[in-house]
Structures are given as C-alpha cells and as structure tokens.
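What follows is a single structure, written as structure tokens, with notes after it.
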C-alpha cells in the first residue's frame with residue numbers, strides 16, 4: 001500500500017482576485033511526487049492456530065481428526081524460532097486471541113495473533129528459515145515506520161506542490177499567458193492521515209488551481 005497525501009491548493013493573483021474568479025481565468029493541475037523511505041521499524045504479524053495432527057498424515061478425513069495440538073505448544077515453538085532468529089522477547093506483542101470458527105462436529109480451534117517489531121527485512125528471512133508452518137495460520141507485513149516520517153511527509157508535500165506549479169506554468173506559457181502568485185494553500189485532512197504501510201514509497205498528490213493573466 002502506498003501512502004497518499006492530497007493537497008488542495010489555490011494560487012491566485014494578489015491583484016485582480018475577484019476579476020480572475022469572475023472570468024474563470026485559472027488552470028487546475030495535479031502534481032505528484034514519490035519519496036523512497038527506508039523503514040526502521042517493521043511490524044510483522046503472525047497468527048497461530050490450533051490444529052489436528054491428523055491434518056498432515058495424508059490419509060485422515062476431517063471427521064477422523066482427534067489429536068489436537070494446543071495453542072501453548074504452538075506458541076512455545078514460535079517463541080523458540082524468534083529467539084533463534086535473534087528477536088528479543090520485548091519485540092513480541094500479543095495483538096489478539098480468541099476462538100476460531102469451527103466446522104460442524106469439531107472442536108473450536110483457538111487462534112492468537114502476534115505483532116513482532118523488527119528492525120530490517122533480513123530478520124523476516126531468518127524467521128522463515130526456521131519456521132515450522134504447521135500451526136501458522138497467516139504471516140504478513142503490517143505497518144512500516146520511520147522516526148523521520150514527519151520530515152518525509154513535508155518533503156513530499158513541497159515536491160508535489162512545486163510539480164503542480166511547474167506543470168501549470170508551462171501549460172499557461174504555451175498560451176502566452178502568465179501565472180499569478182500563491183496566496184492560499186488548503187490541505188485535505190483525509191489525504192494526509194494514512195499510515196506508511198506495506199511500501200517504502202511515499203506518494204504525494206497535489207491538485208492546484210492557478211489563475212493566469
């Protein structure tokens with residue numbers, strides 16, 4: 001997922017503001033910028049779930065499943081894998097636990113989800129090399145974080161706004177006209193609040209209205 005920032009910018013001349021609006025002498029353009037971000041905190045989500053040993057014997061039917069592997073046993077195996085991969089216990093947080101939907105005539109299968117904070121993607125490789133996938137229901141990358149995200153957001157907004165201004169300038173100049181100066185920028189609140197997630201590219205979009213003379 002790419003984080004997107006939407007800015008609504010109106011650039012109008014200091015003189016002749018009302019006349020420019022009345023005559024409709026403005027151009028609306030969109031500017032986009034992308035900034036590559038290296039995350040320094042990676043949330044890796046692992047969900048474990050109870051299972052029956054008969055599921056993996058290659059011959060038993062679901063109605064014949066009897067030997068359930070407990071959640072505690074699966075969790076112990078997962079924590080050993082994380083320890084061997086160099087992951088600190090403090091980096092492992094329980095996110096959710098509860099009963100999993102059951103098939104008719106079978107016991108509930110309890111599931112538990114962990115949010116594991118990693119420092120780089122190589123740690124994921126170390127986990128996967130050691131992982132026994134029996135009892136592992138899902139594994140995925142969650143939120144990506146960087147301590148300098150505010151700075152990245154600011155740079156992305158500025159770059160996108162400048163891109164919109166450059167685009168408007170060459171389009172208007174092709175008509176032999178001239179742009180007016182910026183007097184107001186309005187940011188769309190919804191566009192700037194999405195998390196940096198599952199991508200190390202920050203994409204910023206700017207929609208600008210610019211008058212010309």
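Every read-out reported here was derived from the displayed coordinates using simple, explicitly stated rules and does not represent laboratory data. This structure is a prediction, so every number in the text was calculated from the model and none was measured. Heads up, the Cβs are rebuilt from the backbone with ideal geometry, glycines too, and the neighbour counts pull from every protein chain shown.
At a 10 Å Cβ-Cβ cut-off, how would you order 140, 73, fewest neighbours first? Display every interim value, and only then the final one.
Numbers: 140 10, 73 13.
So the ranking, lowest neighbour count to highest, is 140, 73.
Compute the length gained on full extension between residue 72 and residue 41: take 0.36 nm times their separation in residues and subtract their Cα-Cα distance, giving the result in nm to one decimal.
8.4 nm
When a footprinting reagent is the concern and you count Cβ atoms within 10 Å, what order do 71, 128, 78 take, fewest first?
Final ranking by Cβ density, sparse to dense: 128, 71, 78.
Would you please give the FRET efficiency between residue 138 and residue 30, computed as 1/(1 + (r/R0)^6) with r the Cβ-Cβ distance and R0 = 30 Å, to the nearest 0.05? Before the final figure, lay out each step's value.
On the way: r = 37 Å, r/R0 = 1.23.
The calculated FRET efficiency here is 0.20.
Using the per-residue mean of other Cβ atoms lying within 10 Å as a proxy for protection, in what order, highest first, do the peptides 119-127, 163-171 fall?
Packing proxy ranking, top to bottom: 163-171, 119-127.
Points 7 angstrom from Cα along the Cβ direction at residue 115 and residue 174: gap in nanometres?
Spacing of the two 7 Å Cα→Cβ label points: 4.8 nm.
Could you give the length gained by full extension between residue 146 and residue 57, i.e. 0.36 nm per residue of separation minus their alpha carbon distance, to one decimal place?
Taking residue 146 through residue 57 to full extension adds about 27.6 nm, to one decimal.
Between residue 97 and residue 154, what FRET efficiency comes out of the Förster formula 1/(1 + (r/R0)^6) with R0 = 41 Å and r the beta carbon distance, rounded to 0.05? Intermediate results must be reported in sequence, preceding the final value.
Numbers: r = 39 Å, r/R0 = 0.96.
E between residue 154 and residue 97, to the nearest 0.05, is 0.55.
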